[in-house]
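Taking it in order: structure first as structure tokens, then the write-up.
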Amino acid sequence: MSTETPTNAALFERAQRVIPGGVNSPVRAFKAVGGTPRFIARAQGPYIFDAEGTRYIDYIGSWGPMILGHGDPAVLDAVQKAALDGFSFGAPTEREIELAEEILKLVPSMDQVRLVSSGTEAAMSAIRLARGATGRNKIVKFEGCYHGHADALLVKAGSGLATFGNPTSAGVPAEVVQHTLVLEYNHLTQLEEAFKLHGAELACVMIEPIAGNMNFVRASAPFMKRLRELCTQHGALLVFDEVMTGFRVALGGAQSLFAKLIPGFEPDMSVFGKVIGGGMPLAAFGAKRAVMAQLAPLGPVYQAGTLSGNPVATACGLATLKQIQKPGFFEALSASTRQLVDGLTAAAREAGVPFVGDCEGGMFGFFFTNALPQNYATVMATDKERFNCFFHGMLDRGVYLAPALYEAGFVSAAHSADDLAATLAAARQAFRAL
Ligand SMILES: Cc1ncc(COP(=O)(O)O)c(C=O)c1O
């Protein structure tokens, strides 16, 4: 190894020789915005530092998990202690029970959870369980929602409500997605029609309650209320994918927010990831006891994992969940995020740039357009050129935003008033330069 500091460009070149596209997850390659991805050497608090030693204020936070910022001392301590006791046993541990108890305490819609290692695995397993529990095959998802890369979920809408989906990835056989119906987010009449046509065949409807994979789009309360009614009426399970929103938009996740808007509201099944692992590979899915009893070893639905409930990951997740329950945590996080979004909006207005933003808890989104989009098509119709210029303008000024206009952003408890002020100062310049 050379003793010279490698540049990001040199690392990217080297990476591309041995890793497809130079990255282990596509969005990291900066393909949407162009330019050279930053190779991260280390992180501390709200900052990440690239291989060249440049510091950035981090609004990705590993795409959501780092709600406390990087290197929180209590979390580090828990992880170090756990690592000393062993990395993996492939046998049950008390800490798995503690983490499950902690999650269930905060999410009353579930009686039990199963711990897994990634959001993809959790969503995939939730669908298998929904199919096994209902004895039905068909599922509904919404355009623009991402639930990981299981075959059945890599699908775009077919040519009408009578036809099911088409694969969005090579390598996914058409037969595998023939049971997945893709609907438009927030489209009530289409939802009604879909249930009229297929309600009796539906195992589940999976939804991101606030969609973070088309930047930041809320499901409207009337849409969610009707979705809940239709699922109940037709015996389909309503599955909330809270991999991103869970313990991030509120302590009880997005479902706690919908429960405030819709009396008695609960999803039938929920999927979590990101924050519950605090940056380690950990995810979960859960439901009421009768549904979870269908899972192996109790029931006929198979699901397993060598590293599931990993002792170091559960220590990290548990320490993270403890911190975010401290009094005032979410109030402070929400206030910082709101301050950021309001500040960006004001700075854009000063520069005469069409811009809207929204946020909830520690998650935010913004668009270069005049009104908040309600679905995938309107998100993708926003000004991509302006987004890309703004992204690079901010990156050049030391602010690391998500490198694609369809991704959400994240604020952590470590972002101080000074960090937010520095971000807004950079934004004022970047907006003026557009
Ligand atoms: C809502 C949602 N579900 C599922 C996933 C997949 O999680 P993972 O990347 O851990 O497989 C993601 C990832 O970003 C997500 O945002």
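The values are calculated or read from the model by the stated rules, or taken from the named source; none is laboratory data. Keep in mind it's a predicted model, so treat the numbers as computed, not measured. Every residue, glycine among them, receives a Cβ derived from its backbone with ideal geometry; neighbour counts consider all protein chains shown.
Mind listing just one residue for me: the one in the stretch 136-173 that is away from the ligand (no atom under 16 Å from the Cβ) and small (Gly, Ala, Ser) and, of those, nearest to residue 374 (Cα to Cα)?
Among residues in the stretch 136-173 that are away from the ligand (no atom under 16 Å from the Cβ) and small (Gly, Ala, Ser), the one nearest to residue 374 (Cα to Cα) is 157.
If I ask for residues that are assigned to a helix (DSSP H, G or I) and farther than 14 Å from residue 284 by Cα, which ones from the stretch 92-108 would you list?
Result: 94, 95, 105.
How many residues does the stretch 43-53 contain that are part of a strand (DSSP E or B) and exposed (fewer than 12 other Cβ atoms within 10 Å of the Cβ)?
Selection size over the stretch 43-53: 0.
Taking the stretch 314-334 on its own, how many of its residues are of a type in the set (A, V, I, L, M, F, W, C) and more than 14 Å from residue 102 (Cα to Cα)?
Total satisfying the criteria: 4.
Check the stretch 396-414 and report whether any residue there is closer than 17 Å to residue 335 by Cα and of a type in the set (D, E, K, R).
The answer is no; no qualifying residue exists.
For residues that are touching a residue at least 60 places away in the same chain (Cβ under 8 Å) and in a helix (DSSP H, G or I), tally how many sit in the stretch 54-85. Even if it seems obvious, please write down each step before you answer.
We begin by selecting, within the stretch 54-85, every residue touching a residue at least 60 places away in the same chain (Cβ under 8 Å); these are 54-70, 72, 74-75, 77-79, 81-83, 85.
From what's left, in a helix (DSSP H, G or I): 61-63, 74-75, 77-79, 81-83, 85.
Matching residues across the stretch 54-85 total 12.
Of all residues in the stretch 238-257, which are under 19 Å from residue 365 (Cβ atoms) and either surrounded by 24 or more Cβ atoms within 10 Å (Cβ to Cβ) or not assigned by TED's automatic domain parsing to the domain that holds residue 103 (or both)?
We begin by selecting, within the stretch 238-257, every residue under 19 Å from residue 365 (Cβ atoms); these are 240-250, 253-254, 257.
Correct list: 240, 241, 242, 243, 244, 245, 246, 247, 248, 249, 253, 254.
I need the full set of residues from the stretch 179-231 which are more than 27 Å from residue 247 (Cβ to Cβ) and within 16 Å of the ligand (Cβ to nearest atom), in order please.
The answer is 180, 182.
Here is a list: 133, 122, 91, 51. Which entry is assigned by TED's automatic domain parsing to the domain that holds residue 272, away from the ligand (no atom under 16 Å from the Cβ), small (Gly, Ala, Ser) and in contact (Cβ under 8 Å) with a residue 24 or more places away in the chain? Full working, then the answer.
Details: 122 fails: away from the ligand (no atom under 16 Å from the Cβ); 91 fails: in contact (Cβ under 8 Å) with a residue 24 or more places away in the chain; 51 fails: assigned by TED's automatic domain parsing to the domain that holds residue 272.
The unique qualifying residue is 133.
Being polar (S, T, N, Q), without any contact (Cβ under 8 Å) to a residue 40 or more places away in the chain and closer than 25 Å to residue 112 by Cα, is that true of even one residue in the stretch 169-188? Step through it out loud before you land on a result.
Of all residues in the stretch 169-188, those polar (S, T, N, Q) come to 169, 178, 180, 186.
If we keep only those that are without any contact (Cβ under 8 Å) to a residue 40 or more places away in the chain as well, we get 169, 178.
Filter once more, keeping what is closer than 25 Å to residue 112 by Cα: none.
Checked the stretch 169-188: no residue is polar (S, T, N, Q), without any contact (Cβ under 8 Å) to a residue 40 or more places away in the chain and closer than 25 Å to residue 112 by Cα.
Which of the numbered conditions does residue 289 fail, given that it passes all the others? Conditions: (1) touching a strand residue (DSSP E or B) at 6+ places or on another chain (Cβ under 7 Å); (2) within 16 Å of the ligand (Cβ to nearest atom).
For residue 289, the failing item is (2).
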